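What follows is a short report on a single structure.
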Amino acid sequence: MSNSPSFPLPGQQAAPRLHAVWLIHAVTVLSLAAIILLIYQAVARFTVETWLGNQTYMHDFFIPLISGWLIWRERDKLAVVQPAITYRPLLLLLLAGFIWETGYQSGSMVVQQYSVVSMIVLAAWVMLGNTVFRILRFPLLFLFFAVPFGESLIPAMIQFTANFTADALAFTGIPVYRDGNFISIPSGNWSVIEACSGLRYFVASVTLGVLYAHLAYRSRFKKFLFILAALLVPVFANGARAYLIVMIGHLSNMTLAVGVDHLIYGWIFFGIVMLLLFWVGSWFQESAVARAATDRIPLPIMPVRAFSAGKFILAASAVLALAFIPAGYARYLRQQLELPAHIALVPPPSQGVWRQSTSVIDNLHPHYLGSKAHVTQGYTADGKFVSLFVAYYRHQHPGTELITIDNKVVTTRDPVWQETQSTQRNVSIHGKAVPVTEDKLISGNHKLLVWEWFWVDGHSVNNPYLAKLLEAKFKLWDRKDDAAVIVIATPYNDRIDAENNLHDFLQQMLPGIDRSLAYADR
């Protein structure tokens with residue numbers, strides 16, 4: 001027998017060492033993710049509470065698990081690639097921190113949520129390197145679907161559903177009277193509210209559509225077409241669903257589809273539509289052989305490069321520092337806010353022909369919660385009546401913020417008033433454009449025309465996103481976060497007369513309103 005030594009082929013000793021390197025990098029990435037979630041625990045807690053409290057987003061619980069499963073599917077590729085440190089994503093991590101700071105100072109939770117997920121993804125990129133990140137790009141980016149999204153689309157989706165339903169009913173030959181989102185047909189009245197917007201169908205369809213496109217196709221064109229279908233199909237399907245529910249109610253003399261079965265029919269219809277979408281999508285699915293050909297293991301096993309503890313520690317420390325700085329600066333600003341203890345908010349005095357009145361509009365209570373002070377005052381002039389409501393906010397934080405998804409003139413749960421239409425417009429007052437949101441409310445035979453706008457640092461805006469940006473600027477530069485909402489309402493039978501009432505009221509009373517807000521800001 002020969003005693004000559006045998007030499008291992010390249011890579012035979014590399015695998016065990018590679019596993020050890022992978023263990024170090026993987027544990028570090030998971031630890032950094034946990035620390036980031038701990039630093040921003042308020043964001044993480046709010047996200048989980050949203051998952052639990054809103055049926056639209058209950059499926060988000062599974063997003064991290066799906067992402068983990070997607071990573072596990074790439075284990076053969078990862079087994080022959082060595083993770084490495086890369087510093088370039090640190091610049092993006094710095095940008096994510098700045099965006100989080102802006103979101104925090106403006107009270108925009110969704111911006112904070114996306115920023116925190118970005119920090120976790122970028123931390124993984126830094127600690128794993130470019131080659132590994134290319135392999136794990138989709139599983140990591142899929143984590144963004146864990147953020148509840150889409151609520152800003154609700155008004156547009158409500159409008160589309162109302163248009164689709166009314167047009168379909170008219171095409172069917174059923175007489176339709178429509179006032180905004182309120183639809184009346186001979187057999188009864190219907191209203192398109194938030195629950196009818198189809199947001200939950202849209203969110204589920206987009207999430208599943210993106211996942212299916214990734215798993216079923218390798219062609220970018222096919223992926224694009226299927227994701228586009230997942231975006232559009234639920235929108236049109238929801239319009240068809242609303243039309244069919246109205247038709248079921250109409251044909252059954254309002255005995256079916258008017259209660260819990262309304263929701264049941266909706267989910268059954270959505271399930272059928274989704275099955276059809278994925279069934280059609282399966283026609284164009286690449287074969288397993290074709291997908292395997294594009295999933296080749298990218299690199300052969302090579303000897304493991306030397307592990308640099310200093311470089312590794314430096315990268316991890318840089319990630320932690322860049323993740324902590326925004327939260328630390330936010331805490332510093334919170335301590336530095338100039339917050340006068342007293343808010344001297346009073347209704348503006350009588351001006352011109354408008355006189356203060358003891359009357360207010362019955363049962364109209366604008367749903368703006370968490371304000372530090374608010375006033376309600378009625379005004380009359382030559383038989384005309386306008387009600388004024390002002391809510392003033394200071395030292396805003398979750399639960400006491402001016403702009404949230406739930407703060408509005410009326411909610412869908414309002415026992416008296418129902419919003420039928422909401423539009424944004426500019427009103428000319430003393431040659432200056434005042435942006436307002438115009439709402440039409442209805443309660444039985446009573447109607448209200450409402451104008452509302454936000455006041456931030458002396459600026460009047462009707463766009464909530466712009467208002468949040470102004471709030472962030474105000475807090476960062478002036479160390480204050482005072483803001484308010486102004487709501488004026490008048491009864492109406494004729495729209496033109498109601499608009500003239502509100503316009504005349506603002507023409508004479510707006511300077512007094514601004515003075516009241518400026519005085520309260522002291």
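No value in this document is a laboratory result; all are computed from the given coordinates. Quick caveat: nothing in here was measured; it's all calculated off a predicted structure. Glycine also receives a Cβ, built like all others from the backbone with ideal geometry; neighbour counts cover every protein chain displayed.
See the values below:
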| item | result |
| --- | --- |
| Helix 495-520 axis, angle to the chain major axis (alpha carbon atoms, nearest 10°) | 70 |
| Distance in nm between pseudo-label sites at SER428 and ASP382 (7 Å out along the Cβ direction from Cα) | 2.0 |
| Where Rh is the Kirkwood radius over Cα pairs, Rg/Rh for segment 355-520 | 0.95 |
| Listed pairs LYS384/LYS432; LYS384/LYS440; LYS408/LYS440; LYS384/LYS447; LYS372/LYS468 exceeding 20 Å between Cα atoms | LYS384/LYS432 |
| Segment 355-520: relative contact order in percent, alpha carbon pairs under 8 Å with at least 6 residues between | 21 |
| Per-bin percent of Cα-Cα distances, segment 171-235 [10 Å] | 20, 30, 22, 18, 10, 0 |
| Orientation-averaged projected area, Cα convex hull of segment 395-481 (nm²) | 7.1 |
| Proximal aspartates and glutamates relative to LYS223, as straight alpha-carbon distance under 18 Å, when same-chain residues fewer than 8 apart are discounted | GLU286, ASP295 |
| Segment 77-203 - convex hull of the alpha-carbon atoms, volume per residue in Å³ | 139 |
| Packing-based ranking, highest mean first, of 382-392, 403-413, 483-493, 357-367 given that Cβ atoms within 10 Å are counted | 483-493, 382-392, 403-413, 357-367 |
| Share of pairwise Cα separations in segment 152-288, more than 24 Å, in percent | 36 |
| Length-normalised contact order of segment 391-471 in % [C-alpha pairs under 8 Å, at least 6 apart] | 19 |
| Cα-based radius of gyration of segment 344-436 once divided by 2.2 N^0.38 Å, which approximates compact folds | 1.23 |
| Kirkwood hydrodynamic radius of segment 5-133, Cα pairs, Å | 16.8 |
| Acute angle (nearest 10 degrees) that the helix 109-128 long axis makes with the longest principal axis of the chain, alpha-carbon atoms | 10 |
| Within straight-line cross-link reach of LYS222, lysines at Cα separation under 29 Å, skipping those fewer than 8 residues along the same chain | LYS77 |
| On Cα atoms only, tilt of 130-141 relative to the major axis of the chain in degrees | 40 |
| Calculated FRET value between LEU232 and ASN130, using beta carbons and R₀ = 51 Å, to 0.05 | 0.90 |
| Sequence-separation-based contact order of the chain, relative, with Cα cut under 8 Å and 6+ spacing, percent | 15 |
| Volume per residue that the Cα convex hull of the chain spans, once the total is divided by residue count, Å³ | 187 |
| Rg to Rh, two decimals, where segment 84-127 supplies the alpha carbon set and Rh follows Kirkwood | 1.05 |
| Backbone N under 14 Å from the GLN335 label point (7 Å along Cα→Cβ), restricted to segment 89-122 | none |
| Exposure proxy order (Cβ contacts within 10 Å, fewest to most) of LEU277, LEU211 | LEU211, LEU277 |
